[in-house]
Amino acid sequence: MNTNKLTNPTVKKAIEALQSADKDSWYSLFTNKAELFDDGNKIDFRNFSDKALGHERFTSIDKIENNGLDLLGKFHSDTWGDFKTYFKFHINAEGKIDRLDIGQANY
């Protein structure tokens, strides 16, 4: 999947790390206390990431909004199959991701 249309450099690095299952790069982009919300429900960021990396990925990114921080696209999960999703990144003043909202999207 092509990530060239991603305009926020931190988001681009995060998606590239997700796509290639690069845990070191993925974790380096987030704060130590990063929060993750899945369809509005707070879940454990580390636990989710450890399970998702290598087993979940975007198959296309269809929309980019909010100055490159919000992505909507088609997604594949080895567990849940194929569906549309959103990823909404929140980046702090130091340039680290401190919150990520994910969930199923309807567009």
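Throughout, read-outs are computed from the coordinates displayed, never taken from laboratory work. Predicted, not measured: the structure shown is a model, and the values here were computed from it. When we count neighbours, we look across all protein chains shown, and the Cβ atoms used for this are built from the backbone with ideal geometry, even at glycine.
Of the options [x] 14.4, 42; [y] 12.5, 36; [z] 13.6, 42, only one is Rg and Dmax of the Cα atoms in Å as computed from these coordinates, and that is [y]. Gain on full extension, evaluated as 0.36 nm per residue between residue 19 and residue 98 minus their Cα-Cα distance, stands at 26.5 nm.
GluC sites (Glu not before Pro), restricted to region 18-107: which are DSSP loop and have at most 15 other Cβ atoms within 10 Å?
Values: sites: 35, 56, 65, 94; in loops: 94.
When the GluC sites (Glu not before Pro) of region 18-107 are filtered for loop state and at most 15 Cβ neighbours within 10 Å, 94 remain.
How large is the helix-only mean residue ellipticity at 222 nm for the chain, computed as the sum of -39500 (n - 2.57) over DSSP H runs with n ≥ 4, divided by its residue count, in deg cm²/dmol to the nearest 500?
-7000 deg cm²/dmol
Dipole magnitude for the chain: computed about the Cα centre from +1 point charges on Lys and Arg Cβ and -1 point charges on Asp and Glu Cβ, it is near 180 debye. Here the gap between residue 2 and residue 47, fully extended at 0.36 nm per residue and compared with their Cα-Cα distance, gives a gain of 13.5 nm. For the chain, lysine pairs with C-alpha atoms less than 13 angstrom apart, excluding pairs fewer than eight positions apart on the same chain, total 13. The alpha carbon centroids of region 17-46 and region 48-89 are separated by 12 Å.
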